[in-house]
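Participant: Pasting in a structure now, in C-alpha cells, and then I'll have a few things to ask.
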Amino acid sequence: MKTFHPKLADVKETRAWHLVDANDIVLGKLAVKVADVLRGKDKPSWHPSIDCGDNVVIINAEKIVLTGQKESQKEYITHSGYPGALKRKTAKKVREENPTHIIEQAVSGMLPKNRLRRHILSKLHVYAGGEHPHAGQNPKPLTIK
C-alpha cells in the first residue's frame, strides 16, 4: 500500500462553503466545529501540512451564548509591547464594540500555532447580523448540536 498525500491544487478545487447561524449556540461548541471544518479534519484526505479545509460563513455573531458568568468575567487582553500598554476588556464590552471578534478569537485559539494559521483563518467569514455577501457561493447549512 502507498501512503496518500493530497496535492494543494486538488484540494483547492474541492473546497465547499458552509453557513452557520450562531443564534443561541454556545461559543465553545461553535468554535470547535468551525475549527475542524476550516482545517479539513472532517475529510478523509486531511493532512496536517496542507490547508485542506472548507470556507465557513457565520451569521448572527451578536447572538452567541456565553455560559455561566463569562459575559462579565472573561477578559480579552491586548498588549502593544510598550510599558504600561496592557489593555483589558470584558466579553460584554467586546460584544458591544465588535461582536465578530469573540468568535474569531475563539476559533483562532483552536487552530495550530504555525504558518498555516493565517491561511486557515482567511477562510472564516463572520458577520454580526443575519445577512452576508456570499450567497453566490451557495453555502450549505452546517448544523451544530
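The values are calculated or read from the model by the stated rules, or taken from the named source; none is laboratory data. All figures in this text were calculated on a predicted structure; none of them were measured in a lab. Backbone-built Cβ (ideal geometry, glycine too); neighbour counts: all protein chains shown.
Participant: Please determine whether any residue of segment 55-72 is polar (S, T, N, Q), loosely packed, with under 11 Cβ neighbours inside 10 Å and modelled with pLDDT of 95 or more.
Facilitator: yes
Participant: Name every residue in segment 25-45 that is assigned to a helix (DSSP H, G or I) and of a type outside the set (Gly, Ala, Ser), in order of residue number.
Facilitator: Matches in segment 25-45: Leu27, Lys29, Leu30, Val32, Lys33, Val34, Asp36, Val37, Leu38, Arg39.
Participant: Where in segment 68-145 are there helices (runs of 4 or more DSSP H), lying fully within it, with 2 or more residues that are aliphatic (A, V, I, L, M) and more than 20 Å from Asn23 (Cα to Cα)?
Facilitator: 116-121
Participant: Restricting attention to segment 1-37, report how many residues are crowded, with 16+ Cβ neighbours inside 10 Å, small (Gly, Ala, Ser), closer than 21 Å to Cys52 by Cβ and in contact with a Lys or Arg (Cβ under 9 Å, 6 or more places away or on another chain).
Facilitator: Summing the residues that are crowded, with 16+ Cβ neighbours inside 10 Å, small (Gly, Ala, Ser), closer than 21 Å to Cys52 by Cβ and in contact with a Lys or Arg (Cβ under 9 Å, 6 or more places away or on another chain) in segment 1-37 gives 1.
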